[in-house]
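Written below as structure tokens is the structure these notes are about.
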Amino acid sequence: MGTKAAPFDALDRKIVAALIENGRASFAEIGTAIGLSATAVKRRVDRMRENNIITGFSATVRPAALGWLTEAYVEVYCDSAAPPRRLAEVVRNHPEIAAAMTVTGGADALLHVRATDVEHFEEVLERIRTEPFIRKTISYMVLSHLIPDSPEAGARRSSAPDHAANRQ
């Protein structure tokens, strides 16, 4: 007889919201904020990780700090023989592609590309275009982020103080 996963409840939602707000918050801090012990928060986080609700923890880095000063979105149009699996193989070979997805509409895929400058972006675009199944691309250079504190802009989600994570 298989074990049934515990339901995702209001307390789990509060824990996830707290971790999204500040992924370095300790279990004790989260527990204090939502009315649970640090041990109870840890148990719930462990369960949510086991059930792939929480899939990982990461740092958000401002792209410009790493030298990625140019950003664009690229629509990719493929010949009919290009399955998403093949397109996924191609985008994995380009470290400049920050995100890639298949989409509805005229284009087959949308790529989020970061480059050091326009010349570097042009070189990346030419590498992408050399794939035999890519028929054409249309690029949109990002001029500014209208929501500057969004993760896509490389910003933190909150202005919470940055302190060491003491997971207790």
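Kindly provide the set of residues from the stretch 132-151 that are within 20 Å of the chain's Cα centre (by Cα) and open to solvent by less than 60 Å² (accessible area, probe 1.4 Å), ordered by number.
Val142, Ser150
When you go through Leu125, Leu111 one by one, which is the residue that is more than 19 Å from Thr60 (Cα to Cα) and either touching a Ser or Thr at 6+ places or on another chain (Cβ under 7 Å) or open to solvent by 90 Å² or more (accessible area, probe 1.4 Å) (or both)?
Details: Leu111 fails: either touching a Ser or Thr at 6+ places or on another chain (Cβ under 7 Å) or open to solvent by 90 Å² or more (accessible area, probe 1.4 Å) (or both).
Only one candidate qualifies: Leu125.
Quick one: Arg86 ticks every box in (1) open to solvent by less than 90 Å² (accessible area, probe 1.4 Å); (2) in a loop (DSSP other than H, G, I, E, B) except a single one, so which number is it?
Single failed check for Arg86: (2).
Could you give every pair whose Cβ atoms fall below 6 Å, whose first residue belongs to the stretch 19-31 and is touching a residue at least 24 places away in the same chain (Cβ under 8 Å), and whose second residue is among the β-branched types (Val, Ile, Thr), counting only separations of at least 6 or pairs across chains?
Taking only residues 6 or more apart or on different chains, the pairs are Phe27/Val41.
Limited to the stretch 36-66, what total is found for residues that are under 14 Å from Asp12 (Cα atoms), assigned to a helix (DSSP H, G or I) and of a type in the set (A, V, I, L, M, F, W, C)?
The qualifying residues number 5.
If I filter the stretch 89-105 down to residues being in a helix (DSSP H, G or I) and within 16 Å of the chain's Cα centre (by Cα), which single residue comes out as surrounded by the fewest Cβ atoms within 10 Å (Cβ to Cβ)?
Among them, the one singled out is Arg92.
The values are calculated or read from the model by the stated rules, or taken from the named source; none is laboratory data. The structure presented is a predicted model; accordingly, all values stated were derived computationally and were not measured. Note that each Cβ is placed from the backbone with ideal geometry, even for glycine, and that neighbours are counted across all protein chains shown. Remember, those area values only see protein heavy atoms, side chains included, never the ligands or the DNA or RNA. Shrake-Rupley method; radii C 1.70, N 1.55, O 1.52, S 1.80 Å.
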